[in-house]
Amino acid sequence: MAQGRVYLEQMRHLAFDPSLVELRVSQQWEEQICRTIGRKITSINENLVSLLDRCQNCFYPEQRLPIQIFATPFAPHLKIDALCNLEADPITILIDVGRIIQPHWLNAVAHEYAHAQIGIAGHHPAFCSILTHLCLGLALPPPPPQGLPESQLQNWPPCQPTPDPLQFWLKD
C-alpha cells in the first residue's frame, strides 16, 4: 500500500494541479486503490509506454519530443480521462486508464500526444493537423476533413468510457 501512496504523490507533482489526483473516496477504497497501484502500476505503465512509442514512431526521430507517460486515477468528480502537462520536463502525459476501456487507451494517448507535439493547449487547426497525422499513422479514425467544433475535437478520437471508473483501480 505504501508503494501506491508514494506513486500517487509522484503523480500529484507531475499534474499541473495536484488536486487533479485527489481521490476523494473513503479510506477503505483509498487503501484498496493504493494496494492495486502497488501491484499493477508497472505493467500498466509499460503498456502506456508502448502506446506512446507508437505515437513517437509516426514522426521522424528529429521531430520526437522527450515525453513521459503514466497511469493515474484522477479525482472522480472532475471526469477527466487524460491530460498533457506541457510545463513538465519532460512533457508528461497522465491517463486515467480506469475511465477508458483498454482498447481505447491508444485513442487517449494519441490525443494527448498531439497536445505535446504542438506544444500549446487548445483544440485549434494546428492541433487538428497533428492529430490527423497521428490518427492516420495509428489507423485510428481521423477527424473529418471539414473539421470539427472544438467541443467534439476535444474528445477525438472517441474513447468509450468505462461504466465505473473507480472499479479498475479497486480490483486486484
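The values are calculated or read from the model by the stated rules, or taken from the named source; none is laboratory data. These figures come from a predicted structure and were not determined experimentally. Virtual Cβ from ideal backbone geometry, glycine too; neighbours counted across all protein chains shown. SASA here: full protein model, heavy atoms, side chains in, ligands and nucleic acids out. Shrake-Rupley method; radii C 1.70, N 1.55, O 1.52, S 1.80 Å.
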Using a cut-off of 15 Å between beta-carbons, work out the net charge of the residues near Leu48 (Lys and Arg +1, Asp and Glu -1, Leu48 not included).
-2
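About the Cα centre, and with charges only on the beta carbon of Lys, Arg (+1) and Asp, Glu (-1), how big is the dipole of the chain? Nearest 20 debye, please.
Value, rounded to 20: 320 debye.
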Per residue, how many Å² of accessible area does segment 1-170 show with a 1.4 Å probe?
50
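Whenever you get a sec, compute what percent of the accessible area on segment 1-55 sits on carbon and sulfur atoms (1.4 Å probe). Don't skip to the answer; put the middle values down first.
On the way: 1570 of 3050 Å².
So the carbon and sulfur contribution to the accessible surface is 51 percent.
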If amide hydrogens are placed 1.01 Å from N in the peptide plane, which non-local residues have theirs closer than 5 Å to the one on Ile100?
Thr162
Label point distance in nm, Lys171-Arg64, each placed 7 Å from Cα along Cα→Cβ:
3.3
Note, ³J(HN,Hα) from phi for segment 12-19, Karplus 6.51, -1.76, 1.60, rounded to Hz, x at Gly and Pro
4, 6, 7, 6, 5, 9, x, 5
How large is log10 I(q)/I(0) at q = 0.10, 0.16 Å⁻¹ when the Debye formula is applied to the Cα atoms of segment 19-172, each weighted equally and without solvent?
-0.35, -0.87
Output wanted: per-residue J couplings in Hz (rounded whole) for segment 133-140, from phi through Karplus 6.51 cos²θ - 1.76 cosθ + 1.60, θ = phi - 60°, x for Gly and Pro.
4, 5, 4, 5, x, 9, 6, 9
Karplus ³J(HN,Hα) for segment 22-33 (6.51 cos²θ - 1.76 cosθ + 1.60, θ = phi - 60°; Hz, whole; x = Gly/Pro) runs 6, 6, 6, 10, 4, 4, 4, 5, 4, 4, 5, 4
Between Gln152 and Glu46, the two model label points (7 Å from Cα along the beta-carbon direction) sit apart by a distance in nm of 4.0
Of Pro157, Ala114, Ser19, farthest towards positive along the dipole that unit charges on Lys, Arg, Asp, Glu beta carbons give the chain
Pro157
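Which of rounded, prolate, oblate describes segment 1-104, given a ≥ b ≥ c as roots of the alpha-carbon gyration tensor eigenvalues and a/c under 1.5 marking rounded, otherwise prolate only if a/b is larger than b/c?
Working: a/c = 2.01, a/b = 1.73, b/c = 1.16.
Prolate, since a/c reaches 1.5 and a/b exceeds b/c.
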For Thr72, distant residues with modelled amide H under 5 Å away:
Ile95, Asp96, Val97
